[in-house]
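Heads up, the thing below is written out as structure tokens.
The values are calculated or read from the model by the stated rules, or taken from the named source; none is laboratory data. Computed from a predicted structure; not experimentally measured. Every residue, glycine as well, gets a Cβ built from its backbone with ideal geometry; the counts of neighbours run over all protein chains shown.
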Amino acid sequence: MIELKDLSKTFRNKNGEEFHAVDNLSFTVHPGEIVTLLGVNGAGKTTTMRMLSTVLKPTSGTALINGCDIIKSSGNARGKLGFLSGDTGLYARLTAREIITYFGKLYDTEDDLIVERIKSLSDFLDMNDFLDKKMDFLSTGMKQKVSIARSIIHDPPVMIFDEPTSGLDILTARNIVSFINKCKEDGKTVLFSTHIMREAERIADRIIMIHKGKKIAEGSLPELRETTGSRDLDDIFIFFVNQMKESGEEDEA
């Protein structure tokens, strides 16, 4: 489970003025559920994901990853989650097997279990043909499969996806979506961020819309349609953005 409790992050711009990248964000994601964090570029999605993955420390508030506080027990929280983004960031001189093994050791996974998990993941992701090839010689789709394997080598109960299909071709993107659905089937807690409305429609059990760091709406697609009277997710999103503007909250962000 993922539980955000008034999670906030403040930065300073080049003029030294503070701005809220994430502003008192609270929500919960349950096991066996896919929740999509939806917003335009710059809405605060990646900042939120980086805080949840303990890469970035919150200015205030906190979050729990399967009961582990991301501030007080950051190491334990990291061990319970897998993180995947569109940016593979893989070591070019290492083979796929070496990278996955390295991350298994980072998570203190036993050697025998790492070997077993690599075999299982390689079969599942169809990686056997390039498992012992260096990253330099792999296609984008192959690299993304390696990224998936390294993110789940320790079999985490929580998965966080930060715009993982961004910049990918349609076949590779479809593989990522299939993997996200597989995580749900396995009972994992899944949080997925995107700015692509169609992806949110296809994947999400529940959608959380954020704009300028603030949550502006939350619910299933049928619930959001009923609230706004619109069927198209683009129109639904614009409805809530306009509602935020009318309330004056956008000026405070």
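Things to note:
- Checking N128 against (1) loosely packed, with under 13 Cβ neighbours inside 10 Å; (2) in contact (Cβ under 8 Å) with a residue 40 or more places away in the chain; (3) assigned to a loop (DSSP other than H, G, I, E, B), the condition it does not meet: (2)
- Test: K57 is exposed (fewer than 14 other Cβ atoms within 10 Å of the Cβ), out of contact with any helix residue (DSSP H, G or I) (no Cβ under 9 Å at 6 or more places or on another chain) and farther than 24 Å from D205 by Cα: no
- The stretch 199-235: number of residues that are crowded, with 18+ Cβ neighbours inside 10 Å and in contact (Cβ under 8 Å) with a residue 24 or more places away in the chain: 16
- From the options K105, K72, residue that is of a type outside the set (A, V, I, L, M) and assigned to a helix (DSSP H, G or I): K105
- Test result for T62, touching a residue at least 24 places away in the same chain (Cβ under 8 Å), surrounded by 21 or more Cβ atoms within 10 Å (Cβ to Cβ) and either within 16 Å of the chain's Cα centre (by Cα) or part of a strand (DSSP E or B) (or both): no
- In this structure, G16 does satisfy being farther than 21 Å from I210 by Cα and modelled with pLDDT under 95.
- Residue match in the stretch 9-30 (condition: among the small types (G, A, S), outside any strand (DSSP E or B), touching a residue at least 12 places away in the same chain (Cβ under 8 Å) and on the phi < 0 side of the Ramachandran plot): no
- Filter pass, D123 being outside any helix (DSSP H, G or I) and of a type in the set (D, E): no
- Condition met for D112 (charged (D, E, K, R), more than 18 Å from the chain's Cα centre (by Cα) and part of a helix (DSSP H, G or I)): yes
- All positions within the stretch 153-179 that are outside any strand (DSSP E or B), aliphatic (A, V, I, L, M) and surrounded by 21 or more Cβ atoms within 10 Å (Cβ to Cβ): I153, I176
- Among the candidates L106, L90, L84, L125, residue that is within 30 Å of S60 (Cβ to Cβ), in contact with a helix residue (DSSP H, G or I) (Cβ under 6 Å, 6 or more places away or on another chain) and modelled with pLDDT under 95: L84
- No other residue among T189, T165, T172 is among the β-branched types (V, I, T) and more than 13 Å from the chain's Cα centre (by Cα) apart from T172.
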